[in-house]
1. Would you please name the residue that is nearest to ASP245 (Cα to Cα), looking only at residues in the range 259-285 that are touching a helix residue (DSSP H, G or I) at 6+ places or on another chain (Cβ under 8 Å) and of a type in the set (D, E, K, R)?
2. Within the range 306-358, can you find the residues that are crowded, with 16+ Cβ neighbours inside 10 Å and over 21 Å from ALA275 (Cα atoms)?
3. Residues of the range 7-20 being assigned to a helix (DSSP H, G or I) and either out of contact with any helix residue (DSSP H, G or I) (no Cβ under 9 Å at 6 or more places or on another chain) or without any contact (Cβ under 8 Å) to a residue 40 or more places away in the chain (or both), which ones?
4. Restricting to the range 21-63, give me the number of residues that are assigned to a strand (DSSP E or B), over 23 Å from HIS270 (Cβ atoms) and in contact (Cβ under 8 Å) with a residue 24 or more places away in the chain.
5. Looking at this structure, is ASN133 on the phi > 0 side of the Ramachandran plot and free of Cβ contacts under 8 Å to residues at least 40 places away in the same chain?
6. Which of the residues that make up the range 339-362 are in contact with a helix residue (DSSP H, G or I) (Cβ under 6 Å, 6 or more places away or on another chain) and either among the hydroxyl-bearing types (Ser, Thr, Tyr) or in a loop (DSSP other than H, G, I, E, B) (or both)?
7. Of the residues that make up the range 284-301, is at least one farther than 25 Å from GLU58 by Cβ, in contact (Cβ under 8 Å) with a residue 60 or more places away in the chain and either out of contact with any Cys (no Cβ under 9 Å at 6 or more places or on another chain) or assigned to a loop (DSSP other than H, G, I, E, B) (or both)?
8. Being modelled with pLDDT under 95 and not charged (D, E, K, R) is true for just one of GLY74, GLY85. Which residue is that?
Amino acid sequence: MLRQFITDKKATLLCTGPMSKNCIDSVLEISADYAIPQVLIASRRQIDSAACGGGYVENFTTEQFSAYVTQRRGPQVFLARDHGGPWQSMNEQAQNLGVAQAMASAKKSFECDILSGFDLIHIDPSIPIQNENLTPDTILSRLLELYGHLDEFAKSHGKKIAFELGTEEQDGYSQDLEKFEWFLSEVARFCHKNNLSPPLFVVAQTGTKVLETQNIGLFNTLSGSDGQHLLAHIQKTLEICKKHDVLLKEHNTDYLPDEALALRPILGIHASNVAPEFGVMETRGLLYLMKTYGDPKDIDVFIQIALESKKWVKWMLPNTQATDLQRAIICGHYIFGNPKIIDLKKKLEKSMPTHTMNLDAYLKRLIKQSMLRYIHLFRMK
């Protein structure tokens, strides 16, 4: 269904990180209101199985997340695992699991996804385990091991799963086309040999990367001949994808300007992941309401909890000049499930004019506004 929608509409598919319950509900409501497909892409850090320790989003486990969405979703909402693989879980890193243990843990996490009704699984074994020297051959070997295992597991349980394959984090540049061609050729050979379904998506570099609240990738910084070179490179990437009958999916599309987003369906990029931007939008909205209706001291509490979480660290630019408030906004969505933050929201609700205003409805309106920018520019509607 997703392939047909993308092809028929000549659109780019928005895939959304479930940054909060309000974000999840916004996705469900937009799909129903506009009769369009929506994909919720949960990383293992955000949401994981109970056996693997769960995640930070609403303290959901995979099982709880699936149950919550399944009870509310229409036929065009799809559940997807984003960045699944060994050491993609903070628990696996904290326990310093070795390769065999981390691969076994990743398989258990994936198996829970399949049994919980996920539709799409992103296999990404690109994180080095215990500071190993991780080579392309090793990454490919682990990816194919997981691919074969999961395809067999899904079939044995009567489940139909689509796959997304990726072997590296977005770095803001474009990938080596020779290596990209090699990777897809090896995957195609593996699928043919083992009678496996080919992947639906492959993750490719398109010059996108998010730090702080901006996209610092080449796509947002180049112009003139350099920009034309990047666009030509993306077109060659798409030609390789077409040759192997796989759709191109880019990550880290947050914060790009309208002009860049509107180019996605024109270029033929099939799908784009967006996540932190929606979390930042909700955090800004929450802090605005706290400033307008709440106790100013509660903002200080929010900032302190956010800073102490250290979740802002990985998002910072080198030599950043960000204030404590800006750091808190960047990582605010990570702490929405914190009991103290939940209490702050309840306190805020009591101080708001409830006869004319609903806290979560207000926050969802902001989130939807941000999502609809992508949906319209991606030509989904």
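1. The selected residue is ARG264.
2. Of everything in the range 306-358, those that are crowded, with 16+ Cβ neighbours inside 10 Å and over 21 Å from ALA275 (Cα atoms) turn out to be LEU344, LYS345, LEU348, GLU349, MET352.
3. Applying the first criterion (assigned to a helix (DSSP H, G or I)) to the range 7-20 yields 7-9.
Across the range 7-20, the qualifying residues are THR7, ASP8.
4. Applying the first criterion (assigned to a strand (DSSP E or B)) to the range 21-63 yields 38-43, 48, 61.
Next, only the ones that are over 23 Å from HIS270 (Cβ atoms) stay: 48, 61.
Adding the requirement that they be in contact (Cβ under 8 Å) with a residue 24 or more places away in the chain leaves 48.
Count: 1.
5. On the way: on the phi > 0 side of the Ramachandran plot: no; free of Cβ contacts under 8 Å to residues at least 40 places away in the same chain: yes.
Here the answer is no, as ASN133 does not meet what is asked.
6. SER351, MET352, listed by residue number.
7. No, the conditions are met nowhere in the range 284-301.
8. That would be GLY74, the only listed residue that is modelled with pLDDT under 95 and not charged (D, E, K, R).
The values are calculated or read from the model by the stated rules, or taken from the named source; none is laboratory data. Nothing here was measured: the structure is a model prediction, and the numbers come from that model. Note: ideal-geometry Cβ built from the backbone for every residue, glycine included; neighbour counts use all protein chains shown.
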